[in-house]
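Q: Below you will find the structure I want to go over with you.
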Amino acid sequence: MDLGIRGRTAIVCGASKGLGLGSAQALASEGVNVLMVARTEETLQEAAAQVQASFADVTITHCAADLSSVEGRDAVFAACTNPDILVANAGGPPVKDFRQLTEQDWVSALNSNLYGMTDLINRAVTGMCERGFGRVVTITSASVKMPMVGLDLSNAMRSGLVSYCKGISAGLAQHNVTINSLLPGLHATERLDGIFVARSAMMGKTPSEVEEMSRNQIPAKRFGTAEEFGQFCAFLCSEHAGYMTGQTVLLDGGAYTGLA
Ligand SMILES: NC(=O)c1ccc[n+]([C@@H]2O[C@H](COP(=O)([O-])OP(=O)(O)OC[C@H]3O[C@@H](n4cnc5c(N)ncnc54)[C@H](OP(=O)(O)O)[C@@H]3O)[C@@H](O)[C@H]2O)c1
């Protein structure tokens, strides 16, 4: 299927690795010019060069910036003033016993995963509305539907972001600007490896035991891939997804046991 977004421009955040990189690759494969964002210049540059080498007909640029800071977000919008597509994403907060969380942990999580994301969205949607096309996808977490032990900061920030997006989606829809959230379950990325290590200390098991146990709890009996996640993200950014907004979509191999 042609997604109808060839020639569009996207900002993809957290794009040097994992789910953001998968999303950047999938959008580039659909003919979208992509600005890739992450903090570490070296890994970001390598990832951008890799995507550019795979898809010669699009322009891939990169911007090394910390999305939790105003300066970082300024740099992103200076590099791409009029995005048609925004994939709002950053690294997740640390796994930590909730009793150990400090005020600084809360402020960092707020800036990275809630306030920082809302600021990116606000900067993008005004121009999208004026131009009559916009697709915003936030990458949050399955914890929005099923809060997870030890990921208390993530639980709090992600549900706040999803609620914010639902609230603003109604005012954007008439301009053909949609905003949806993808809720990853367990996907094989560096973030997941870090979670196994952190959980192993809390559970008194080895990281590979935690990995095995986690895989077995998923009905699909495997972790998701960044590639399949990216393909789904690209569909939400497509011309065809214009009548879907304010939604949260779980990609979790069937792990969530509830109905809604
Ligand atoms: N993988 C999973 O199973 C899973 C499950 C549930 C939720 N999630 C959430 O989904 C999101 C993406 O996960 P992932 O697995 O793709 O993570 P990942 O493999 O750790 O990649 C994170 C990406 O974000 C960048 N990044 C992190 N903090 C940033 C910041 N402040 N400013 C700019 N870029 C930043 C990283 O590069 P730099 O470090 O160089 O900045 C990297 O490119 C995270 O929020 C994660 O918590 C993932």
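Q: In whole percent, what relative contact order does the chain give with Cα contacts below 8 Å and a gap of six or more residues?
A: Computed value for the chain: 22 percent relative contact order.
Q: While we're on this one: Where does helix 226-236 land angle-wise versus the long Cα axis of the chain, in degrees 0 to 90, nearest 10?
A: 50 degrees
Q: List, in order, the whole-Hz ³J(HN,Hα) value for each residue of segment 136-141 obtained from phi through the Karplus relation with A = 6.51, B = -1.76, C = 1.60 and θ = phi - 60°; use x for Gly and Pro.
A: 10, 10, 9, 9, 10, 5
Q: If you don't mind, another one. For Thr138, what residues show an amide H to amide H distance below 5 Å, using hydrogens built from the backbone and excluding near sequence neighbours?
A: Here Ala88, Asn180, Ser181, Leu182 satisfy the definition.
Q: Just in segment 1-38: which trypsin sites (Lys or Arg not before Pro) are loop by DSSP and have at most 16 other Cβ atoms within 10 Å?
A: Of the trypsin sites (Lys or Arg not before Pro), the ones in loops of segment 1-38 whose Cβ has at most 16 other Cβ atoms within 10 Å are Arg6.
Q: Helix 115-131 versus the longest principal axis of the chain: what angle, 0 to 90°, nearest 10, using Cα atoms?
A: Helix 115-131 sits roughly 20 degrees off the main axis of the chain.
Q: What FRET efficiency, computed as 1/(1 + (r/R0)^6) with R0 = 35 Å and r the Cβ-Cβ distance, is obtained for Met202 and Thr61, rounded to the nearest 0.05? Kindly include the intermediate steps, with their values, before the conclusion.
A: Working: r = 40 Å, r/R0 = 1.15.
According to the calculation, E is roughly 0.30.
Q: Here's something else I'd like to know. Taking the Cα centre of the chain as the origin and placing charges on Cβ (Lys, Arg +1; Asp, Glu -1), which of Ala255, Leu3, Gly18 is farthest toward the positive end of the dipole?
A: Sorting the options by dipole projection puts first Ala255.
Q: If you scale each eigenvalue of the Cα gyration tensor by 5 and take the root, what three semi-axes come out for segment 184-239, rounded to whole angstrom and sorted largest first?
A: Computed over segment 184-239, the values are 27, 12, 7 Å.
Q: Choose one answer from Tyr164, Tyr115, Tyr243: the residue with the largest mean-square fluctuation in a GNM of the chain with alpha-carbon springs under 10 Å.
A: Among Tyr164, Tyr115, Tyr243, the largest GNM mean-square fluctuation belongs to Tyr243.
Q: A further question follows. Using label points projected 7 Å from each Cα along Cα→Cβ, tell me how many nm separate Thr40 and Glu130, to one decimal.
A: A separation of 3.7 nm, rounded to one decimal place.
Q: Excluding residues fewer than 8 places away in the same chain, name every one of the lysines whose C-alpha is closer than 30 Å to that of Lys221.
A: Lys17, Lys96, Lys145, Lys205
Q: Using Cα springs under 10 Å in a Gaussian network model of the chain, which residue among Ala170, Ala88, Ala26 shows the largest mean-square fluctuation?
A: The residue with the greatest mean-square fluctuation here is Ala170.
Q: Give me the net charge of Cys13's neighbourhood, meaning all other residues with Cβ under 13 Å from the Cβ of Cys13; Lys, Arg count +1, Asp, Glu -1.
A: +2
Q: With just the Cα atoms defining each centre, how far is segment 3-38 from segment 77-97? Give it in Å.
A: 12 Å
Q: I would also like to ask the following. Amide H neighbours of Leu250 under 5 Å, counting only residues 5+ apart in sequence or on other chains, H built in-plane at 1.01 Å?
A: Here the answer is Leu183, since their amide H atoms fall under 5 Å of that of Leu250.
Q: Right, here's the next one. How charged is the neighbourhood of Lys145? Take every other residue with its Cβ under 13 Å from the Cβ of Lys145, and add Lys/Arg as +1 and Asp/Glu as -1.
A: Net charge in that neighbourhood comes out at 0.
Q: Continuing with this model, one more query. Name the most mobile residue of Ala78, Ala156, Ala49, meaning the one with the largest mean-square fluctuation, in a Gaussian network model of the chain with Cα contacts below 10 Å.
A: Ala78
Q: On to the next question. Given the DSSP H assignment, sum -39500 (n - 2.57) over each helix run of at least 4 residues in the chain and divide by its residue total; what's the result at 222 nm in deg cm²/dmol, nearest 500?
A: Calculated mean residue ellipticity at 222 nm is -14000 deg cm²/dmol.
Q: In terms of modelled amide H atoms, which long-range or inter-chain residues lie less than 5 Å from the amide H of Gly224?
A: Leu186, His187, Ala188
Q: Would you mind checking the tilt of helix 41-54 against the longest principal axis of the Cα atoms of the chain, expressed as 0 to 90 degrees and rounded to 10?
A: Helix 41-54 sits roughly 60 degrees off the main axis of the chain.
Every number in this text was worked out from the coordinates using simple rules, so none of it is lab data. Everything numeric in this text was worked out from a predicted model, so none of it was measured. We place every Cβ from the backbone using ideal geometry, glycine too, and count neighbours over all the protein chains shown.
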